[in-house]
Amino acid sequence: MEKGDGAPFLDTAQGKEALEQYLGQYKGGSQRVYRSEIQQFYAFRDTSTVQVSAAELHRYQEHLASQHTQATARRKFSILNGFFKHLQGRFKGFVNPIESLEDFKTHRGIDGAEVQKYLAAFLAEQNAVNTRRSYENQIRLFFTWLGKDLGEVSRADILAYRDYLQTEKQHKDTTIWNKFIALNRFFKFVERENRKFSNPIVFKELKLVFPKKDKGYYSVLSVAESERMLKQINRKTAIGKRDYAILLIFLVYGLRANEVARLQHRNLEPERIKGQQKVWIIDRKGRFQNRPKTAIILNGRALRAFDEWLEAAKKQGIKPHADLPVFLPFIYDRNYQELVIRRDRKSQPLSVKAVENIVKRHLDKAGIHREETTISPHALRHTAFTMLAQEGVKLHDIQKLAGHQDINTTMIYVHSAQSYDDHPGMHNPLNR
């Protein structure tokens, strides 16, 4: 091995400062690993110059090949690549030799063929446009930051990314949580498609702060408030009939906003039994490939509202077909001077945001508010199940209607249904 003049670069004041600054973004075991790998290279190199030559890298490459597997050598060069990037930003004139020499480019990051292949397939499975856009953005940001190929992402990288988001980017806990949710779903998808791949994310290790829901998320409307909201809707108009049907489905069956928005005519059973309409709710929230497919049976007031809306759409020239959304968007028509169904977009479903706006508009008109909170569509879902619990509907029946995989989730409605007038504790003989 050829020796350079002077002490090893990392023993110089500049080298020590540069290394400590770089390692500041890592913690614990990750920092120790990165420090060790970088020190090993500079101990092998043994020169005080900042710039690293191609010849030095070739010698180090040959040295590693004699002792390690190709995968291990690539990982070591990946760690050096990150440090060289740091030096490039710190020292004027320093050129990262791994990036500038094709021989040493070990990773393509987000541009890697494997990442691109799985990302495209993963995004194709996402139904909501906003979800697809958000997931793609978060995955691209991670691989751009990491600069590694898919198969080389380690648990240490995941921890380092968490530290980077917390310390350097100083993101909020909720933002960091959502970023890792997106990454976790992508890695789970890859794990499903490729048995050799193992999801590097272990949430217990990350120790992330679970985001608190807005208080309005957990709000529950009373029967009187629910009736007041429904009563103020102008059901003489087509849009009023649509909104009335949507709100009743929320309040009676407790569907989620995205489930209402995604309903298509293909989800309706073609024949009615005893004058009731079965509607299938598919791809519900839950673990992938374990998402419950459940049915609700429209009857009573909710079915009448549903039929009134379908008849109003029919009068506006809408012909139902399998792919047609049940609930359609409206637009103001200047010729008729009224809101009409958007014919140019009649195959496009309502967005979740549009559904949220429908709920907000009618809550505002009914004068229903909660201090410092916004009542969300999910509050109507909570309202539906709390009312059912208060009426004595069995917990397992509520769980099935809600599409909950864990009955503990359904238990919150039992707690909400407890009454000061007739609490079960009153009936205990020891409490008389």
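Each residue in region 123-167 was checked for being farther than 18 Å from residue 112 by Cβ and not in a helix (DSSP H, G or I), and 4 pass. Residue check: is residue 241 farther than 23 Å from residue 294 by Cα, at pLDDT 90 or above and buried (at least 22 other Cβ atoms within 10 Å of the Cβ)? Criteria met by residue 241. Close contacts from region 359-372, counting a first residue that is under 20 Å from residue 255 (Cβ atoms) and a second that is acidic (Asp, Glu) and not in a loop (DSSP other than H, G, I, E, B), with Cβ to Cβ under 7 Å and a gap of 6+ residues or different chains, come to 362/243; 368/225.
The set of residues in region 114-123 being basic (Lys, Arg) and at pLDDT below 90 is empty.
Cβ separations smaller than 9 Å between residues 6+ apart or across chains give the following pairs from region 174-187 residues that are within 16 Å of residue 123 (Cα to Cα) to residues that are acidic (Asp, Glu) and in a helix (DSSP H, G or I): 182/136. The residue of region 70-107 that is modelled with the highest pLDDT, among those that are over 22 Å from residue 15 (Cβ atoms) and touching an Asp or Glu at 6+ places or on another chain (Cβ under 9 Å), is 75. Just one residue in the set 261, 295, 257 is within 30 Å of the chain's Cα centre (by Cα), among the small types (Gly, Ala, Ser) and exposed (fewer than 15 other Cβ atoms within 10 Å of the Cβ); that residue is 295.
The residue list 400, 314 contains one member that is part of a helix (DSSP H, G or I) and at pLDDT 90 or above, which is 314.
Matching residues to (1) under 27 Å from residue 33 (Cα atoms); (2) outside the structural domain of residue 350 (by TED's automatic domain parsing); (3) modelled with pLDDT of 90 or more:
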{"residue": "125", "(1), (2), (3)": "no, yes, no"}
{"residue": "143", "(1), (2), (3)": "yes, yes, yes"}
{"residue": "175", "(1), (2), (3)": "no, yes, yes"}
{"residue": "188", "(1), (2), (3)": "yes, yes, yes"}
{"residue": "200", "(1), (2), (3)": "yes, yes, yes"}
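Residues that are touching a Leu at 6+ places or on another chain (Cβ under 9 Å) and either hydrophobic (A, V, I, L, M, F, W, C) or assigned to a loop (DSSP other than H, G, I, E, B) (or both) within region 201-214 comprise 201, 206, listed in sequence order. Report whether or not residue 236 is of a type outside the set (A, V, I, L, M), more than 18 Å from the chain's Cα centre (by Cα), closer than 30 Å to residue 337 by Cα and surrounded by fewer than 15 Cβ atoms within 10 Å (Cβ to Cβ). It is true that residue 236 is of a type outside the set (A, V, I, L, M), more than 18 Å from the chain's Cα centre (by Cα), closer than 30 Å to residue 337 by Cα and surrounded by fewer than 15 Cβ atoms within 10 Å (Cβ to Cβ). Scanning region 365-395 for residues that are out of contact with any Gly (no Cβ under 6 Å at 6 or more places or on another chain) and hydroxyl-bearing (Ser, Thr, Tyr) turns up 383, 386.
Restricting attention to region 232-256, the residues that are part of a helix (DSSP H, G or I) and either in contact (Cβ under 8 Å) with a residue 40 or more places away in the chain or closer than 20 Å to residue 219 by Cα (or both) add up to 15. For region 380-411, the set of residues classified as among the aliphatic types (A, V, I, L, M), touching a residue at least 24 places away in the same chain (Cβ under 8 Å) and closer than 21 Å to residue 258 by Cβ consists of 380, 384, 401, 402, listed by residue number. Residues that are touching a helix residue (DSSP H, G or I) at 6+ places or on another chain (Cβ under 8 Å), farther than 21 Å from residue 148 by Cα and either touching a residue at least 12 places away in the same chain (Cβ under 8 Å) or among the hydrophobic types (A, V, I, L, M, F, W, C) (or both) occur in region 67-90; there is at least one. Restricting attention to region 358-397, the residues that are loosely packed, with under 15 Cβ neighbours inside 10 Å and in a loop (DSSP other than H, G, I, E, B) add up to 7. Here residue 322 does not qualify as assigned by TED's automatic domain parsing to the domain that holds residue 229 and either without any contact (Cβ under 8 Å) to a residue 40 or more places away in the chain or out of contact with any Lys or Arg (no Cβ under 8 Å at 6 or more places or on another chain) (or both). Each residue in region 66-102 was checked for being more than 13 Å from residue 52 (Cβ to Cβ), surrounded by fewer than 13 Cβ atoms within 10 Å (Cβ to Cβ), over 33 Å from the mean Cα position of the chain (by Cα) and among the small types (Gly, Ala, Ser), and 2 of them qualify.
The values are calculated or read from the model by the stated rules, or taken from the named source; none is laboratory data. Computed from a predicted structure; not experimentally measured. Here the Cβ is made from the backbone with ideal geometry for all residues, glycine too, and neighbour counts use every protein chain on show.
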